[in-house]
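Quick notes on the structure that follows.
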Amino acid sequence: MPPLLFYLLAAITLGFGLLVVLARNPVTSALSLASCFVGLAALFISLDAYFIGTIQVLVYAGAVMVLFLFIIMLLDIKAEEGKAPNLLAIGSGVIVAVLLAIQIITAAGSTQLAGKSAENTPLDYAEAKASLGAAAKLPTIAKDLDAGSLPDTKLIGFTLFDRYGFHLQVVGLLLLVGTVGVVVLSKREKSAGGAA
Amino acid sequence: MITLGHYLVVSGLLFALGLAGVIARRNILIVYMCLEMMLSAANLALVGFSRFHTVSGLPDYTAQSLVFFTITVAAAEVAVGLAIIVALFRAKQSVDTESITKLQG
């Protein structure tokens, strides 16, 4: 990918990320976070992860952010006005974040894989066809590999259902429990002291 | 040339931004948004490692499955968390973290 495009997407992601932290108005924060997630989805797609990029837009920028905006409107939260900012919290937040960023950047530079790029680790469809095993034998995946296109979603599906079938069901159960929990939590109690 | 190192730096900076927000902000909704940002930053690192740690010529799809699970759990977490925030707002009429002192000794 062209370096300029990467820097542009990184600037969008980090710039709107900064705006989330700095904005006084919660609606500004929520909309900035949606833009930040769209930039992040573009970065995922630049890493050949088309499926993850798509669900990042659908689930995060779509569902989660709408939920956030809905709650902000519902609670009618105004921008913080007249309150003195907590300087101790802001100072410690900035110091901890800067220290963590320095630590992560140092560690990121020293990992063995850090020098790898799309140029020196290209995707090799012929090798995948020969040595991928059971997945490459599936007709849809084999057809994509022959045509030289990345069967990204099909391979994630194969991995999920072949190796992580049980985990997938546990996550499904978690979503059910979450749904029931939300209904129970947001049910208005009948009377102040009485039975709910 | 854009290397894995570049993606890891972006991921690290986004995570640090989220952490700064969680510590410094007092509006509990914005604290929650910053938590989501930190989860997404970790996803970016995972997808980066997945792309450049190739398994027989293709990205490592174990990592992308983990990202799928992370996004699912994050979505469930947001739903439950926002329900708790709504319940909290009903009890306190405020979303300021400093007004929540019930468990303070």
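A short reminder: the numbers here are calculations on the coordinates, not readings from a lab. Just so it is clear, the structure is predicted and the values come from calculations on it, not from any experiment. Positions of Cβ are backbone-derived with ideal geometry, glycine not excepted, and every protein chain shown enters the neighbour counts.
What to note about this one:
- Alpha-carbon Rg/Rh ratio, for the stretch A:1-78, with Rh computed the Kirkwood way: 1.04
- Hydrodynamic radius by Kirkwood, which averages 1/r over all alpha carbon pairs of the protein assembly as shown, in angstrom: 20.9
- Number of Lys pairs (Cα under 12 Å; 8 or more positions apart or on different chains) in the protein assembly as shown: 4
- Viscosity 1.002 mPa s, temperature 20 °C, Stokes-Einstein D of the stretch A:128-186 from Kirkwood C-alpha radius, µm²/s: 158
- C-alpha long axis of helix B:4-24 to longest principal axis of chain B, angle in °: 0
- The value of relative contact order for the stretch A:8-149, using C-alpha pairs under 8 Å at least six residues apart, is 16 percent.
- Note on A:A130 and A:A84: the extension gain reaches 10.1 nm, defined as 0.36 nm multiplied by sequence separation minus the Cα-Cα distance.
- Charge dipole (debye, nearest 20) of the stretch A:1-145; +1 at Cβ of Lys and Arg, -1 at Cβ of Asp and Glu: 120
- By other beta-carbon atoms within 10 Å, ranking A:M65, A:M73 with the fewest at the front produces A:M73, A:M65.
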